[in-house]
């Protein structure tokens, strides 16, 4: 009987240690990813500053870059009300996917396109990649900005509506204005939230 108890204690200890190890590993992995993403945002701003100062780099100064996978942001999305600051990658990057980041959808325009619509999507929920988890806290009149190619595009929310989650999204907007559309799922429903923001002059 004592031997059985000893084995139960040993097995229980291993299970507790294994669980703690998994939690620790998950925390450590998330911390590393957070650090890498923060560094990428810092690099985005450094590149923006350099582009403003240097007009044409000399040919001999251009060095070949090593072929290594790293985060390279082309823009930064900011939503002050929900304290969201998130870098966006090129739409051709494998990281441009809701599994990893805020995704620039294929039908999206660039911010500088006349009367274009920038369309971004991300997960809601409680996972690390749920970057749009607080989108449902936004209201009409809230501010959003997008920093792209050394320019800050400032938007104001003009419409918020729900649609059924079918795999496609009907975007209702003023096609005579530059807009930013944010899309995510509504918690515990089969609905999606669509947020339309218009560029401010």
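Taking the criterion of being under 16 Å from the mean Cα position of the chain (by Cα) and within 14 Å of residue 158 (Cβ to Cβ), the residues of region 178-193 that qualify are 180, 181, 182.
Highlighted here are the strands (runs of 3 or more DSSP E) found entirely within region 93-201 that include at least 1 residues which are in contact (Cβ under 8 Å) with a residue 60 or more places away in the chain: 117-121, 143-148, 179-185, 191-199.
Here residue 82 meets each of (1) over 24 Å from residue 191 (Cα atoms); (2) at pLDDT 95 or above with one exception, condition (1). Summed over region 111-120, residues that are under 14 Å from residue 155 (Cα atoms) and over 15 Å from the mean Cα position of the chain (by Cα) total 5.
The values are calculated or read from the model by the stated rules, or taken from the named source; none is laboratory data. Note that the structure is predicted; figures quoted are calculated from it, not measured. Neighbour counts run over all protein chains shown; Cβ positions are idealised from the backbone, glycine included.
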